[in-house]
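Down below is the structure, laid out as structure tokens.
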Amino acid sequence: MYMKPFSPPALLSFCLGLGIALVPQPSAHAAVTIVPLGTYATGVFDEGAQEIAAHDPGTQRLFVVNANASTVDVLDISDPSSPTLIDTLDLTSVGNSANSVAIYNGVAAVAVQAEEKTDPGSVAFFDTETLDLLNVVPAGALPDMVTFSPDGHYVLVANEGEPDDDYAIDPEGSVSVIDVSAGIENATVSTAGFAAFNGQPLPGVRIFGPGASVAQDLEPEYIAVSADSATAWVTLQENNALGVIDIASATVTAIVPLGYKDHSLPGNGLDASNEDDAINIVPWPVMGMYLPDAIVAYEVDGHTYLITANEGDTRDYDGFSEETRVADAKIDWQFIRPDEWKKLLKEENLGRLLTTTAGGTIDGDKRKDMVLGVGARSFTIWDAATGAVVHDSGDEIEQVTAATHPDHFNASNTSNSFDNRSDDKGPEPEGVTIGEAFGITLAFIGLERMGGVMIYDVSNPGAPVLQDYVNNRNFDADPETPEAGDLGPEGLVFISASDSPIGEPLLVVANEISGTTTVYQVKQAE
């Protein structure tokens, strides 16, 4: 179904509150949608049995990380209506678990964490046709995402470097730059680390782990690479920042703070409570930390832009947790709403909203001078050269999901309960991928909690156009049953028409909660 962008947001919230349905109007141009063709189901619920996927056009195979089995599942999608498991890559001899996979020219690179996640991990290379192991090279602690540069000369790995549960061991985060230009068997590894920033002031960058240096505190999450394969950008999720990397020299050249999203502005609202028994997407005096997960890069007229999915993430360990609720946080309301703070602290308002004990002070005392939200519940397009916001989707994602599934708005991926995630991070946009089809550039954003995929035309970075929202989930079914459909979309892969087994563009979505991988056809809406 096609859904025109809703404007103004306040009208939608008002109508929803009265139980009035708004009917989307047709677009002046043919919108783009996705139609499910086939699903591979592991039958494993809530164990990460399908997480990150990669496509090999030469064999028409999908390689999908199965964290539950410590394997990469190899699926045949020559008939995308019937994805079939044909083999698995067993990574137990390399490490504890596969975290990510990427493919280039018949070679699959798999990021594998060590038995102890705080120890250095590895990258294993496989032939996508024979499935032979070609090489294993070292990486940093907790290699969480792997990608090839567009020219295929480099493999880059985001080594998250998470601490252990006691926060007694906190390895440094880094990016491994693996040069494979002389062949996989001759691969060499360099490390882009952050030690050069130790002791330096980094205004706007969240450095808050107990006793951590800058290098220990920064946690690389996801990587995007420029079209010329010269520059990489890595999301430093918990730090609300981006790292910029010169690939050839394996050097971090800059750390860019992302700042805050002002949720008090019209169009930037959010539903902040799971205790109000209503859909209430309105502006609140909250500054949202973007804390992005996935990131992609693309060019328009020779200029590079970045798209981030602003999931939000917090540190919550046995030895240290930053999580708290607004009602329990030490906030100096004179800087925010001095005459309304008692009302705002009610559970049906801001009292239940997830916030952080780290940061948010302006005047130097221990009381917070702003209410910080976790995640921005949006996707953002950034100018890669300046780090400036070119576009943010505001509250559009929550507005659309509220309109399409009002009885299950902000449900979790393990429960069908209405409004369950409003006090946390809402729909949690986590994954993003882009592709060219029908003469436009499309962005697909996966929503981790409520599920589904938002589709946007991002050909004009300053004015993306919503094409559709499709959720292959059955809210009437028990989430732990196959009838529930897809839950918890994690990895998204676009397959161009030229690489597709059916000559039409496809989208692949791996769903970590339902343990399913679904292949969609990307098509123009009728």
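The values are calculated or read from the model by the stated rules, or taken from the named source; none is laboratory data. Computed from a prediction, not measured in an experiment: that's the story for all the values here. When we count neighbours, we look across all protein chains shown, and the Cβ atoms used for this are built from the backbone with ideal geometry, even at glycine.
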For PHE126, which of the numbered conditions (1) over 25 Å from the mean Cα position of the chain (by Cα); (2) under 30 Å from ASP170 (Cα atoms); (3) of a type in the set (Phe, Trp, Tyr) fails to hold?
(2)
Go through (1) more than 30 Å from SER176 (Cβ to Cβ); (2) without any contact (Cβ under 8 Å) to a residue 40 or more places away in the chain; (3) not in a loop (DSSP other than H, G, I, E, B) one by one and return the number of the condition LYS261 breaks.
(2)
Is there any pair linking a residue in region 348-367 that is in contact (Cβ under 8 Å) with a residue 24 or more places away in the chain to one that is small (Gly, Ala, Ser) and in a loop (DSSP other than H, G, I, E, B), with Cβ under 6 Å and at least six apart or on different chains, and which?
GLU348/SER273; LEU350/ALA272; ARG352/SER273; LEU353/ALA272; THR355/ALA329
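Just to be sure I understand, how many residues within region 289-320 are in contact (Cβ under 8 Å) with a residue 24 or more places away in the chain and in a strand (DSSP E or B)? Before the answer, list the steps.
So the first thing to find is which residues in region 289-320 are in contact (Cβ under 8 Å) with a residue 24 or more places away in the chain, and the list is 289-300, 303-315, 317-320.
Adding the requirement that they be in a strand (DSSP E or B) leaves 289, 295-300, 303-309.
Summing the residues that are in contact (Cβ under 8 Å) with a residue 24 or more places away in the chain and in a strand (DSSP E or B) in region 289-320 gives 14.
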Residues of region 499-526 satisfying the condition of being closer than 17 Å to TYR40 by Cβ and out of contact with any strand residue (DSSP E or B) (no Cβ under 8 Å at 6 or more places or on another chain):
PRO501, ILE513
All positions within region 166-223 that are surrounded by fewer than 23 Cβ atoms within 10 Å (Cβ to Cβ) and part of a helix (DSSP H, G or I):
ILE184, GLU185, ASN186, ALA195, ALA196, PHE197, VAL214, ALA215, GLN216
I want to confirm something. Restricting to region 137-165 and keeping residues that are in contact with a strand residue (DSSP E or B) (Cβ under 8 Å, 6 or more places away or on another chain) and not in a strand (DSSP E or B), which single residue is nearest to ASN96 (Cα to Cα)?
LEU142
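Taking the stated definitions as given, is ALA69 modelled with pLDDT under 95, over 19 Å from the mean Cα position of the chain (by Cα) and either buried (at least 17 other Cβ atoms within 10 Å of the Cβ) or more than 24 Å from LEU487 (Cβ to Cβ) (or both)?
On the way: modelled with pLDDT under 95: yes; over 19 Å from the mean Cα position of the chain (by Cα): yes; either buried (at least 17 other Cβ atoms within 10 Å of the Cβ) or more than 24 Å from LEU487 (Cβ to Cβ) (or both): yes.
In short, yes.
Would you be able to say whether some residue in region 258-266 is more than 19 Å from the chain's Cα centre (by Cα) and either among the aromatic types (Phe, Trp, Tyr) or closer than 16 Å to THR356 by Cβ (or both)? Steps first, answer last, please.
Our first condition is that a residue be more than 19 Å from the chain's Cα centre (by Cα); within region 258-266, this holds for 262-266.
With the extra rule that they be either among the aromatic types (Phe, Trp, Tyr) or closer than 16 Å to THR356 by Cβ (or both), the set shrinks to 263.
Taking every residue of region 258-266 in turn, at least one turns out to be more than 19 Å from the chain's Cα centre (by Cα) and either among the aromatic types (Phe, Trp, Tyr) or closer than 16 Å to THR356 by Cβ (or both).
Find the residue count for region 74-109, including only residues that are in contact (Cβ under 8 Å) with a residue 24 or more places away in the chain, charged (D, E, K, R) and in a strand (DSSP E or B). Working first, answer last.
Looking only at region 74-109, we keep the residues that are in contact (Cβ under 8 Å) with a residue 24 or more places away in the chain, and these are 74-75, 77-87, 89, 91, 94-109.
If we keep only those that are charged (D, E, K, R) too, we end up with 79, 87.
If we keep only those that are in a strand (DSSP E or B) too, we end up with 87.
The number of residues fulfilling the criteria is 1.
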Test of understanding: among GLN399, GLN334, which residue is farther than 28 Å from VAL234 by Cα and either in a strand (DSSP E or B) or touching a residue at least 24 places away in the same chain (Cβ under 8 Å) (or both)?
GLN399
In region 321-331, which residue that is free of Cβ contacts under 8 Å to residues at least 40 places away in the same chain and part of a helix (DSSP H, G or I) is nearest to ILE169 (Cα to Cα)?
ASP328
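Of the residues ALA192, ALA212, ALA196, ALA182, which single one is over 26 Å from GLY319 (Cβ atoms) and either polar (S, T, N, Q) or under 27 Å from the mean Cα position of the chain (by Cα) (or both)?
Details: ALA212 fails: over 26 Å from GLY319 (Cβ atoms); ALA196 fails: either polar (S, T, N, Q) or under 27 Å from the mean Cα position of the chain (by Cα) (or both); ALA182 fails: either polar (S, T, N, Q) or under 27 Å from the mean Cα position of the chain (by Cα) (or both).
Just one listed residue meets the conditions, ALA192.
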Provide a single number: the residues in region 365-396 that are in contact with a helix residue (DSSP H, G or I) (Cβ under 8 Å, 6 or more places away or on another chain), acidic (Asp, Glu) and part of a loop (DSSP other than H, G, I, E, B).
2
Within region 496-523, count every residue that is closer than 20 Å to VAL72 by Cβ, part of a strand (DSSP E or B) and among the hydroxyl-bearing types (Ser, Thr, Tyr).
3
